[in-house]
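Trainee: Before I ask anything, here is the structure I am working with.
Just so you know, all these numbers are worked out from the coordinates, no wet-lab data involved. Predicted model, so just to flag it, every value in this text is computed and none were measured.
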Amino acid sequence: MRPNAEYIANRTILVNSVRAYNPGDDVFASAVENLGLTVGVDVLPANPNVIPRPAANARRADWVAYWVGQGMPQDQVDEMTRDQLAAREPEVIGSPDLDANLTVPAVPNPTPSPAPDTVAFQVAEQSGQAAEQQAAERVERPGQGARKAEWVEYAVYRGMARETAEESTIPQLAACDYDNLFGPERPE
């Protein structure tokens, strides 16, 4: 299992004119620091505790990064002053009056689970349908002179994110090494 990164790429990040991170890719804190990436623009925190709460006299940029990391919408953060951001307290989930000794009654399972043979049959039936559908949806590699829409569909079929494929040019899509990036082509 790979370690969890502190940030997630919010947009395509280029390093030396080469695509280093696609939207949604894990980005470690060291990369954010070394590349000078901006939290809230280039990357977003992967979870709320990535950025510690800044000191009361911290710069506005530190407060913006903190509140974006807490899940506050960017437009709401942009409307607030530094003092408003510093004075804001995190929302507490749950009621302070909640009784710690409160027990929740168990809910009985209304339907018994199906027999294992039924489940195995359903899985086999669905896999057969999925294989038929996958074979019907096979996308061939576009030839020379193909339109960009054809290249985008092929790239998405091979595993590239649609947004990334749409941002790429035809020469980039044609030169992409799909086998190394996304694995071998799906069998028919």
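Trainee: Can you list residues whose amide H is under 5 Å from ALA20's amide H, if they're 5+ apart or on another chain and H is modeled 1.01 Å from N?
Mentor: Correct list: ILE13, LEU14, VAL15.
Trainee: Which of the three applies to the stretch 7-87, rounded, prolate or oblate, going by the alpha-carbon gyration tensor with a ≥ b ≥ c and a/c under 1.5 meaning rounded? Could you put the intermediate results ahead of the total?
Mentor: Details: a/c = 2.17, a/b = 2.01, b/c = 1.08.
Prolate.
Trainee: Enumerate the amide H contacts of VAL43 below 5 Å, restricted to partners 5 or more residues apart or on another chain; note that Pro and chain-start residues carry no placed amide H.
Mentor: Amide H neighbours of VAL43: ASN10, THR38.
Trainee: Here is a further query. Can you tell me how much longer the chain between THR38 and ALA175 gets when fully stretched, taken as 0.36 nm per residue apart minus their C-alpha distance, in nm with one decimal?
Mentor: Details: separation 137, 0.36 × 137 = 49.32 nm, distance 3.02 nm.
Once the chain is fully extended between THR38 and ALA175, it gains 46.3 nm.
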